Amino acid sequence: MKKIICVLFGGKSSEYDVSLSSAHAVLTNIDNSRYEIVRIGITRDGKWYHFDGNNEDIRTGAWCADTDSLSPVHFSPNDGMLHFLPSAKGNAPIDALRPDAVFPVLHGKFGEDGTMQGLFAVCGIPVVGCGCTSSGVCMDKAFTKSVVGAETDIPQADAVTARIADKNDMDSLRLRCEAKFGYPMFVKPCAAGSSVGVSKVKDASRFADAVEKAFAEDGKILIEKAIVGTEVEVAVFESHGSYFTARPAEIDLGSSEFYDYETKYISDASGYYLPARLTEEEEKTVQAYALEIFKALDCRVFSRVDFFHTADGFVFNEINTIPGFTPISMYPKMMMQDGTSYAQLIDKILDAVL
Ligand SMILES: Nc1ncnc2c1ncn2[C@@H]1O[C@H](COP(=O)(O)OP(=O)(O)O)[C@@H](O)[C@H]1O
Ligand SMILES: [Mg+2]
């Protein structure tokens, strides 16, 4: 019998659009002869629907306006089932079903941050990717740095963590950062992604604006010394306790000052090198770092571990526990270097939890 996989997309996160793009790629490549796919869309304001329309409408964002194809649903911790409520047309397509696994193709808050993983843990439904605690720690850049700092000797950027109350004394926050590392600095929300709310600050005049922008995304922010180097990413895959690290990728920022939202998803100016332009020894080092970090953070199934490659070696930047799966995303590209197809990659990922 085919395994029932619920693919979740959308979500109450600043990365809603990225999720739609990732989910479209997953849904159009998944092997429907092996899995029974149940598509669950979550609107920007958090309404959950079973979606029975075209995958193309997921990509464009039109899915949630297609009310004929939507039935409200909820997962219940009471019986571990997905329950269907009447659609706009009147009837629920079925009463309930029991999923074999949930694949949350969701990025950022309420998807990648442990909350979704906690919900399914309570429901007793296996979830693709990291568990609740691991996801929560990896979503919060300050917590991630603490664990990686305590468990490994891998270099990281000097940083100051600020909480919302620190906004009341912006000057003392700025002076602390100036004393610790000076300009340029990076200011970023602890729990966000896709570079939303991230700024490079070159002098004191821009500091307060950057801090406000980061706090608009999260109640906790990180202010870091700017690291000079290229950006190198490593795909890590785990299945039933065996680990694999792909050959790293290197981001070519083109003329962009940093890897901001525009550079990631919109402009054509940026590109990548695959594999990264590294010596064999450098490649081994960064792969070993990525695996050490993946294990230190108790990650499962997949994560993309990002580094800066500086003149003095690698500096860990961040980890993404639900890496992008859009057509331009690096995780699938890295994993497909050995000839694995996109459909086979999704197969491997599902097999890791089934
Ligand atoms: N300390 C830093 N030094 C240099 N560049 C940085 C630093 N922190 C972030 N950046 C730049 O900002 C981008 C986004 O920051 P990142 O921490 O990766 O957050 P996100 O989760 O939004 O991707 C990075 O890819 C990099 O280009
Ligand atoms: Mg990043």
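The values are calculated or read from the model by the stated rules, or taken from the named source; none is laboratory data. Note that the structure is predicted; figures quoted are calculated from it, not measured. A quick note on method: Cβ atoms are made from the backbone with ideal geometry, for glycine too, and the neighbour counts reach across all protein chains shown. Ligands, DNA and RNA are excluded from the accessible area calculation, which covers all protein heavy atoms including side chains. Shrake-Rupley method; radii C 1.70, N 1.55, O 1.52, S 1.80 Å.
Kindly provide the chymotrypsin sites (Phe, Trp or Tyr not before Pro) of the range 212-269 that DSSP labels as loop, not H, G, I, E or B, and whose Cβ sees at most 16 other Cβ atoms within 10 Å. Could you put the intermediate results ahead of the total?
Details: sites: PHE215, PHE237, TYR243, PHE244, PHE258, TYR259, TYR261, TYR265; in loops: PHE258, TYR259.
Sparse-neighbourhood loop chymotrypsin sites (Phe, Trp or Tyr not before Pro): PHE258.
For a Förster distance of 25 Å, can you work out the FRET efficiency between the beta-carbons of ALA269 and VAL228, rounded to the nearest 0.05? Present the calculation step by step, with values, prior to reporting the outcome.
Values: r = 20 Å, r/R0 = 0.80.
The computed FRET efficiency comes out at 0.80.
Given Cα pairs under 8 Å that are at least 6 residues apart, what percent is the relative contact order of the chain? Mind showing how you got there, number by number?
Numbers: 764 pairs, mean separation 60.4, N = 354.
Contact order relative to length: 17 percent.
For the range 3-128, what relative contact order do you get, as a whole percent, if you take Cα pairs closer than 8 Å and at least 6 residues apart? Can you show the working numbers first?
On the way: 256 pairs, mean separation 36.6, N = 126.
About 29 percent, as a whole number.
Please report the relative contact order for the range 140-243, taking Cα pairs under 8 Å with a sequence separation of at least 6, and give it as a percent rounded to a whole number. Kindly include the intermediate steps, with their values, before the conclusion.
Values: 143 pairs, mean separation 32.4, N = 104.
Worked out over the range 140-243, it gives 31 percent.
How much length would be gained if the chain were fully extended between LYS202 and GLU281, taking 0.36 nm per residue of separation minus their Cα-Cα distance, in nm to one decimal? Before the final figure, lay out the partial values.
Working: separation 79, 0.36 × 79 = 28.44 nm, distance 3.40 nm.
So the chain would gain 25.0 nm between LYS202 and GLU281.
For THR67, THR245, write out the residues from largest to smallest accessible area, computed with a 1.4 angstrom probe and no ligands counted. Walk me through the intermediate numbers first.
Details: THR67 75, THR245 30 Å².
The ranking, largest first, comes out as THR67, THR245.
Percent antiparallel among DSSP beta bridges with both residues in the range 3-128, to the nearest 5? Could the numbers behind the result be given before it?
Working: 12 of 25 bridges.
In the range 3-128, DSSP labels about 50 percent of beta bridges as antiparallel.
Considering only protein heavy atoms, with the full assembly of protein chains and a 1.4 angstrom probe, order MET185, MET336 by accessible area, largest first. Don't skip to the answer; put the middle values down first.
Values: MET185 0, MET336 65 Å².
Order by accessible area, largest first: MET336, MET185.
Which three semi-axes in whole Å describe the equivalent ellipsoid of the chain, each the square root of 5 times a Cα gyration tensor eigenvalue, listed largest first? Spell out each step's value before the answer.
Values: eigenvalues 245, 112, 68 Å².
Taking √(5λ) for each Cα gyration eigenvalue gives 35, 24, 18 Å.
Helix-only mean residue ellipticity at 222 nm, the chain, DSSP H runs n ≥ 4 weighted -39,500 (n - 2.57), per residue, nearest 500. What is it? Don't skip to the end; give the middle numbers.
On the way: 10 runs with 101 residues, N = 354.
Helix contribution divided over all residues of the chain: -8500 deg cm²/dmol.
With a/c under 1.5 counting as rounded, go ahead and sort the range 3-128 into rounded, prolate or oblate using the C-alpha gyration tensor (a ≥ b ≥ c being the square roots of the eigenvalues; past the cut-off, prolate if a/b is larger than b/c, else oblate). It would help to have the intermediate numbers written out before the result.
Values: a/c = 1.24, a/b = 1.04, b/c = 1.19.
Rounded.
Bin width 5 Å, origin at 0, all Cα-Cα pairs of the range 100-167: what percent of pairs per bin?
3, 15, 22, 17, 15, 14, 8, 4, 1, 0
Send over the per residue convex hull volume for the range 268-318, Cα only, as a whole number of Å³.
Numbers: hull volume 5.7 nm³, N = 51.
Once divided by residue count, the hull of the range 268-318 is 112 Å³.
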